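Asks: Okay, here's the structure, questions in a sec.
We did not get these values from a lab; they are worked out from the coordinates using the rules stated. None of the values given here were measured: they were computed from a predicted structure. We place every Cβ from the backbone using ideal geometry, glycine too, and count neighbours over all the protein chains shown.
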Amino acid sequence: MKRILIYGLKDPIGGVENVVLSYTERFPSEEIVCDYLLFGTSFSQEPSITARGGKVYYLPHRVRQRAAYRRALHAVFQTHTYDAVWVNLAGLTNIDVLRFAKAYGVPVRIAHSHGTRLYWSGLLMRFLVPLFHYLHKPFIARYATHFWGCSQPAGEFLFPRTVHDRLTVLHNAVDTAVFCADAERRSAMRRSLRLENATVIGHVARLSPEKNQGFLLDVFEQIHQQFPETRLLIVGDGECREALQEKAAQLHITDCVLFCGFQSETADYYRACDVFVLPSLSEGLGISLIEAQACGVPCVASAAVPREADVTDAVRFIGLDEPLSVWCKAITEQFGRTIPDAAQRIQKAEYDLATESKKLQEFFKR
């Protein structure tokens, strides 16, 4: 039996968490057991993890409880002999897990990039995050043995040029048995949301600054003036929810915007949409775009999203510096369109979870 330690997930569940958990849930539990290491005191996915034989370890605060944090890391690696660590990263501010894994002789140490830009909050972190990221970057090759990216740009952003020839792209694959076009389920969901006669613009993401939902509200406000039957469907939760709801009120579109909160099952929400919009400031890939396309929904995304996310030729990319009118035109031109044979296109592009998870299993079983 192989035992893997996975680091870098958090609540509320977002794109990274969905990708990693979707892959690991398909691992045969009698052959591969996954433990999880994260900050905090609880994790919503812990019951399903323990049901598959894994364990969740919680770390104290890295700065305020430095000694306890280091003791906790030592205890984790002393509890089990791991065959691999899989460290999911948006930046290199913290590479302690890779350091400890090397010190404890873990043979496979994966650094997995999920972003193309650094994010921070507060003036102090605006200085510290880039500082530690760029201090650690030249040394990452000392601690990691494998370098993965959810896209080529994500890998090239996180890792130094010296390892770019060793970069492996692990596709943010989706389950096309779940994320697929279904006219009956679409109609049922639109009825339940009271959107039967609406043209629905959709968005699924964590409500956080890098996802740029405030910009989406500005775009929608202009579209709604021209097309009063339009509605904006926002699925997700996060630190920006209250501010976004206040902005919707200021724009006088509260009655036309549905904040649905976090949803563990999102396929029907995608199906309810006529067009999906992702105006992110940056994305490692943008798995919500893949999920939307799998459900047959055409998309519009910011130019900051890697072009690799367009796996069906149904995504329009628009620069964030373009006027709102350009965004409005791109979105409204998608009204009434669908993606024929979406699931087959996803599979052909190697973004189908059933196929891609088998490849990952074979890697860990070596």
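Asks: When the helices in the chain are scored as -39500 (n - 2.57) per DSSP H run of 4 or longer and the sum is shared across all residues, what 222 nm value do you end up with, to the nearest 500 deg cm²/dmol? Mind showing how you got there, number by number?
Replies: Working: 15 runs with 139 residues, N = 366.
Helix-only estimate at 222 nm: -11000 deg cm²/dmol.
Asks: Still on this structure, please answer the following. In the Gaussian network model of the chain, springs joining C-alpha atoms below 10 Å, which of L89, L324, L216 carries the largest mean-square fluctuation?
Replies: Most flexible of the set in this elastic network: L324.
Asks: To continue, here is another question. Between M1 and R70, what length in nm is gained on full extension when 0.36 nm per residue of separation is reduced by their alpha carbon distance?
Replies: Full extension from M1 to R70 adds 22.1 nm.
Asks: Then there's this: Could you calculate the FRET efficiency of E362 with Q226 from 1/(1 + (r/R0)^6), where r is the beta carbon distance between them and R0 is 56 Å, rounded to 0.05?
Replies: Computed FRET efficiency for E362 and Q226: 0.60.
Asks: Name the residues whose placed amide hydrogens come within less than 5 Å of the amide hydrogen of S302, ignoring near sequence neighbours (fewer than 5 apart) on the same chain.
Replies: L278, S280, I318
Asks: Let me ask another. Place a point 7 Å from Cα of H80 in the direction of its Cβ. Which residues in the range 1-16 have their backbone N less than 18 Å from it?
Replies: Zone members listed by number: 1-10.
Asks: Taking 45 Å as R0, compute the FRET efficiency from the Cβ-Cβ separation of A103 and A303 and round it to 0.05.
Replies: After rounding to 0.05, the efficiency reads 0.60.
Asks: Can I ask one more? At R117 and R62, where each label point lies 7 Å from the Cα along Cα→Cβ, what is the point-to-point distance in nanometres?
Replies: 2.1 nm
Asks: Counting other beta carbons within 10 Å of each Cβ, put T355, T176, T145, T24 in order, fewest first.
Replies: On the way: T355 13, T176 22, T145 17, T24 25.
Fewest to most other Cβ atoms nearby, the residues stand as T355, T145, T176, T24.
Asks: Run the numbers on the chain and let me know its relative contact order in percent, using alpha-carbon pairs under 8 Å that are six or more apart.
Replies: Here the relative contact order equals 15 percent.
Asks: Need one number: nm distance between label points at E350 and T254, each 7 Å from Cα along Cα→Cβ, rounded to one decimal.
Replies: Modelled inter-label distance: 5.0 nm.
Asks: Would you please give the residues with an amide H less than 5 Å from that of F262, counting only those at least 5 places away or on a separate chain, with H modeled from the backbone geometry?
Replies: Hits under the 5 Å cutoff: G236, D237.
Asks: So between F335 and R52, what do we pick up on full extension, going 0.36 nm a residue minus the alpha carbon distance?
Replies: 97.6 nm
Asks: What angle, in degrees between 0 and 90 and rounded to the nearest 10, separates the Cα long axis of helix 353-365 from the longest principal axis of the Cα atoms of the chain?
Replies: In the chain, helix 353-365 runs at an angle near 10 degrees to the longest axis.
Asks: Compute the helix-to-body angle for 15-24: its Cα long axis versus the longest principal axis of the chain, expressed 0 to 90° and rounded to tens.
Replies: 60 degrees
Asks: Greater than 22 Å separation of Cα atoms is the criterion. Which listed pairs, K10/K247; K55/K137; K211/K358; K137/K211; K102/K365, meet it?
Replies: On the way: K10/K247 27 Å; K55/K137 30 Å; K211/K358 31 Å; K137/K211 25 Å; K102/K365 20 Å.
Exceeds cut-off: K10/K247; K55/K137; K211/K358; K137/K211.
Asks: Then there is this: Could you work out how much longer the chain between A183 and R166 gets when fully extended? Use 0.36 nm per residue separation minus the Cα distance between them, nm to one decimal.
Replies: Numbers: separation 17, 0.36 × 17 = 6.12 nm, distance 4.33 nm.
That pair, A183 and R166, stretches by 1.8 nm at full extension.
Asks: Residue by residue through the range 239-254, what is 3J(HN,Hα) from phi via Karplus (6.51 cos²θ - 1.76 cosθ + 1.60, θ = phi - 60°)? Round to whole Hz and write x for glycine and proline.
Replies: Once θ is set to phi - 60°, the couplings for the range 239-254 become 5, 9, 4, 4, 5, 5, 5, 5, 5, 4, 5, 5, 7, 6, 10, 3 Hz.
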